[in-house]
Amino acid sequence: MKKKLLCMFMATAMTVSLLAGCGNSSADTGSTASDTAAADTAAADTTASGGGKVGVAMPTKDLQRWNQDGDNMKSELEAAGYEVDLQYAANDIATQVSQIENMINSGCQLLVIASIDGDSLGTVLEQAKEKDIPVIAYDRLIMNSDAVSYYATFDNYMVGTKQGEYIRDQLDLENAAGPFNIELVTGDPGDNNARYFFGGAMDVLQPYIDAGKLVVKSGQTDFETVATANWSTETAQARMDAIISANYADGTKLDAVLCSNDSTALGVENSLEANYTGDWPIITGQDCDIANVKNMIAGKQSMSIFKDTRTLASKVVEMVDAIMKGGEAPVNDTETYDNGTGVIPSYLCEPVFADVNNYKELLVDSGYYAESDLQ
Ligand code: BGC
């Protein structure tokens, strides 16, 4: 608990020190980044300084949050005296593997990796292990590799429970008679986080589905069926188009859509706008991406989970610094995340609930976005 409080405290502290940088990065990434390997690689950067070299591998520039994560990691690591090799892999697994290989061969002494597919890095990370290069899994756990030293993330299960509880409370499932119609949309099956988000939400919602108070009219409830490859907005939109035309085209009311994150929520919102004429359903999300906060303000998305990327970056820099100085990284969870080779010591930051009532305080007053980003 103390550590969680510390994490939240650091978020506030970093707000002040990173105000200028974060304002810039959100403005830079507000438009859709071209997600080709060339574009990502061209945008990657290597800079020099004295404390040692750290490789930072991010999945893609296409989603707003990873640009912010990358920018924050780079500027904070550089401020702490490290040389940084920051790479984005255009959501292409082979590109990420070769970027990591290059980092290992070009003298990086530690790797921070947000994987595209948690199961695809085992082989390349054997090389890191042979060279005694510690690996921190960033946000997403890297599976089935004993080269992973630590994991730093937001509490993924808690993200899901907050989304499920929001739907439960908004529909007043404890007291209202129902039944209510709900549809389910989660993320990439290769991203270990998606199972935690979906699992956390379903642990809240499943009892109401079992009791018949919540009805999934499409019948699509298992993880594999409701997963969205690459967390793609277009894929989520196409699936929702099909669900609406098969189940809600006759005026049947859709009461809620559980969306595990903002990119999938955006697809659902686009689909509803084009195909659905009934009362707007409750829609959950995660990340507080600019497009989704705008939709929240416009009444098209009910909530999002705010994961302040500054908080995670600060924590990871603290971990990097401890390891590079020969010590142990701070952790607050040694039970939850088994990657198939054993439990990976983790630091879990606390995600925060955001909606139209508190977004200004959380996102604008904290300097995460400028007011003008959201207009
Ligand atoms: C992250 C989410 C993000 C999703 C899609 C997940 O691993 O935890 O914050 O929305 O990937 O990029």
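Every number in this text was worked out from the coordinates using simple rules, so none of it is lab data. The structure displayed is predicted, hence computed values, not measured ones. Glycine gets a Cβ as well: all are built from the backbone with ideal geometry, and neighbour counts include every protein chain shown.
Observations
- Helical segments meeting 15 Å axial Cα length and Kyte-Doolittle 0.5 threshold in the chain (DSSP H): 2-29, 309-324
- Stokes-Einstein diffusion for the range 92-136, with the hydrodynamic radius set to the Kirkwood value over Cα pairs and evaluated at 10 °C in a medium of 1.306 mPa s, equals 152 µm²/s.
- Debye log10 I(q)/I(0) for the range 180-254, one point scatterer per Cα, at q = 0.16, 0.19 Å⁻¹: -0.60, -0.83
- Positive-end ranking of L125, L141, S271 along the dipole of the chain, with charges on Cβ about the Cα centre, is headed by L141.
- Sorted peptide list for 71-84, 315-328, criterion being average Cβ within 10 angstrom, highest first: 71-84, 315-328
- Distance distribution P(r), the range 73-204, all Cα-Cα pairs, bin width 5 angstrom from 0: 2, 10, 16, 18, 15, 11, 9, 7, 5, 4, 3, 1, 0 percent.
- When the charge dipole of the chain is built from unit charges on Cβ atoms (+1 for Lys and Arg, -1 for Asp and Glu) and taken about the Cα centre, the candidate among I182, I323, Q301 whose Cα reaches farthest toward its positive end is I323.
- Nonlocal amide H pairs with I283, under 5 Å, H built at 1.01 Å: V257, S302, M303
- Theoretical gain in end-to-end length, K253 to T334 [0.36 nm per residue, Cα-Cα removed]: 24.8 nm
- Only DSSP H runs of four or more residues enter the estimate; each adds -39500 (n - 2.57), and after division by the residues of the chain the mean residue ellipticity at 222 nm equals -14000 deg cm²/dmol.
- Reference-scaled alpha-carbon Rg (2.2 N^0.38 Å with N residues) for the range 96-168: 1.32
- Using the Cβ-Cβ distance between A246 and D210 with R0 = 22 Å, the FRET efficiency computed as 1/(1 + (r/R0)^6) comes to roughly 0.40.
- With bins 5 Å wide beginning at 0, the percent of Cα pairs of the range 219-375 falling in each bin runs 2, 8, 14, 16, 15, 14, 12, 10, 6, 3, 1, 1, 0.
- For the range 234-351: lysine pairs under 28 Å (alpha-carbon distance), excluding those fewer than 8 apart on one chain: 5
- When restricted to Cα atoms, the range 265-356 yields an Rg and a Dmax of 18.7, 60 Å, respectively.
- Relative frequency of Cα-Cα separations exceeding 26 Å in the range 138-277, percent: 24 percent
- Area projected by the alpha carbon convex hull of the chain, averaged over all directions, nm²: 17.8 nm²
- Computed P(r) (all Cα pairs; the range 61-107; 5 Å bins; percent): 5, 20, 23, 25, 20, 7, 1
- Computed on the Cα trace of the range 53-139, the radius of gyration divided by the Kirkwood hydrodynamic radius gives Rg/Rh = 0.94.
- Close amide H partners of I133, meaning residues 5 or more places away or on another chain with modelled amide H under 5 Å apart, do not exist here.
- The calculated Kirkwood hydrodynamic radius for the range 208-249 is 11.5 Å, given to one decimal from all distinct C-alpha pairs.
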